[in-house]
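Notes follow once the structure below has been shown.
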Amino acid sequence: MKLTFWPFTRRRSNQPETTIVSARFIRTDMPGRGDLRLRSPLCRLGRAPDNDICFDNDSVSGRHAEIYHLPDGTFQLCDLDSTNGTWVNGQRIHGQIMNNGDVVELGEVRLHFRLEDR
C-alpha cells in the first residue's frame, strides 16, 4: 500500500503553538521520560533543538520523522530519510498510518503511540 506524503507547510511563529492534538507518545526506552504530547497537527521528531519533540540520542537523526494529524482524524508517521530509519512494530517504514498502541523506534529511542480517547 503506497501512502501519500502529505504536503503540509511548516509555519513558525514567535508564539508557541497551544493546540493539543488528541495523541501522544510514551517513551519507554528511558524511565522517567514520560508523555510526549503532540501539540500541533504537524510535529517533527529528531535530535535537532528546533524539532517539536527532541531526543538527545546520537542514533536519532537531526530531522528524523514527522507525524501528521490528518483531517479524517488519523495520524500518519513519515520518515525524513533518516540514517537509522523509522520503525513501526518492527517494520521499517517511509509512511505509515498509526494505530493506538503501535511501537515506534527512531534509532535507539522507543515510543508507544497512544490516542487520548482510548
Among the residues of the stretch 81-101, is any closer than 16 Å to N51 by Cα and part of a loop (DSSP other than H, G, I, E, B)? yes
Filter result for the condition that a residue is on the phi > 0 side of the Ramachandran plot, small (G, A, S) and buried (at least 18 other Cβ atoms within 10 Å of the Cβ), over G107, G101, G85, G73: G107
Do we have any residue at all in the stretch 57-65 that's open to solvent by 70 Å² or more (accessible area, probe 1.4 Å), part of a strand (DSSP E or B) and basic (K, R)? no
Matching strands (runs of 3 or more DSSP E) fully within the stretch 1-47 where at least 2 residues are modelled with pLDDT of 90 or more: 23-27, 42-46
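The values are calculated or read from the model by the stated rules, or taken from the named source; none is laboratory data. Keep in mind that this is a model prediction, so the values were computed, not measured. Cβ atoms come from the backbone with ideal geometry, glycine included; neighbour counts cover every protein chain shown. The accessibility values were calculated without ligands, DNA or RNA, using every heavy atom of the protein model including side chains. Shrake-Rupley method; radii C 1.70, N 1.55, O 1.52, S 1.80 Å.
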